[in-house]
């Protein structure tokens, strides 16, 4: 018998850690090769970790809700093969001992810095909080005492301290003398956990009234994350909106004419979304000032045009997969990309990289019958476009022979943009250019 170390796989260049949300296999269970062993979650996507071998699960090195770094061993599987390269003695090490060993190695690497900044090692065993190895290492290297670290507010799950939290704290700490604010929190009923994004409630806040007919439901992990992102975006960006009505009659007629042939030839359904995305990508090339992000006092001009498309999941949550280099796709390529990401979003098959790197976002509020909306910017982007429902409306039609009233297919575009860096002229001109592309759509074009 041999033992195999199941490690947290790399999930993309920008993903360094994940949270275990559920163990699908328990100790003693038989596992087939490529069978899912556990479910994990990054900040955007939930996914499964399959086994690379067949065997028996003999040890789980982490518990549910633990944060695991990419490359860390998360489970031990006993196999019949002798080619795993893992000895029995190695496997007898407990999860605590593994973490201690990792910390010892990291401490030795940074020993010179640590000696200068930390008089004695922090005893993290005294804390009720979870600190990832990366956070511990940064704290030790920067000389942050344990008692001070305990008072730093975390933005992660259940108030967990993330890498960004501690790095931001260090920047503030360097620029000014910080006296951590000691906050006395009231006792919390364990049956009603506090959301990871929920701030401490002020003493003068009125309690929520709950009667016998009310039901209390805790938000799931993704809803807590979305809540945090939305609040942070509103607090970060100065949101302002521009609206424009667009005549899309030619687009509606063209799609109706070619949709059957399109599906027969390409094997894909043709919706309005890729047509709209094509127009947005063209407009972003015309107005690169909308294809930027903000980092403090700096503006970052993005080289690539990566379009995020907000999608509602069956459980009501929201996710934003990204079409990379959208300006380089023709209509067929755009339709395939839209359908692929949309289908994988609905079935939970998105990968972490599928939601990374967006430079501008489009959301289709018309899917649910909304005429227009005021969407919240997807940080750190500076704009988001909402597509309203397409409706038949009476409209004035101008002709050389005079004006008359006719029935036209129209929709509203709602553009939310960050007024810190995008003024009304740019924000309005951009959405007007999108409208121009849509209204100039060639009804005789091929697909």
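Structure summary
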item	result
Residue within the range 380-399 that is under 25 Å from residue 236 (Cα atoms) and surrounded by fewer than 21 Cβ atoms within 10 Å (Cβ to Cβ) present	yes
Residue selected from the range 1-10 under the condition touching a strand residue (DSSP E or B) at 6+ places or on another chain (Cβ under 7 Å) and assigned to a loop (DSSP other than H, G, I, E, B), by the criterion modelled with the lowest pLDDT	1
The range 285-309, subset part of a strand (DSSP E or B) and surrounded by 19 or more Cβ atoms within 10 Å (Cβ to Cβ), residue farthest from the chain's Cα centre (by Cα)	292
Tally of residues being out of contact with any helix residue (DSSP H, G or I) (no Cβ under 7 Å at 6 or more places or on another chain), at pLDDT 85 or above and not in a loop (DSSP other than H, G, I, E, B) across the range 19-50	12
Filtered residues of the range 428-447 (kept if touching a residue at least 40 places away in the same chain (Cβ under 8 Å) and part of a helix (DSSP H, G or I))	428, 429, 430, 431, 432, 433, 434, 435, 437, 438, 439
Within the range 380-420, considering residues that are farther than 20 Å from residue 247 by Cα, outside any strand (DSSP E or B) and in contact with a strand residue (DSSP E or B) (Cβ under 8 Å, 6 or more places away or on another chain), the one modelled with the lowest pLDDT	380
Which numbered condition residue 348 fails, given (1) touching a residue at least 60 places away in the same chain (Cβ under 8 Å); (2) under 20 Å from the mean Cα position of the chain (by Cα); (3) under 28 Å from residue 292 (Cα atoms)	(3)
The range 252-278, residues that are in a helix (DSSP H, G or I) and under 21 Å from residue 307 (Cα atoms)	273, 274, 275, 276, 277, 278
Any chance residue 204 is more than 31 Å from the chain's Cα centre (by Cα) and modelled with pLDDT under 90	yes
Matching option when the condition is closer than 26 Å to residue 339 by Cα, in contact (Cβ under 8 Å) with a residue 60 or more places away in the chain and surrounded by fewer than 16 Cβ atoms within 10 Å (Cβ to Cβ), among 264, 282, 269	269
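The values are calculated or read from the model by the stated rules, or taken from the named source; none is laboratory data. Please read all numbers here as calculations on a predicted model, not as lab measurements. Methodologically, a virtual Cβ is constructed for each residue, glycine included, from the backbone with ideal geometry; neighbour enumeration extends over all protein chains shown.
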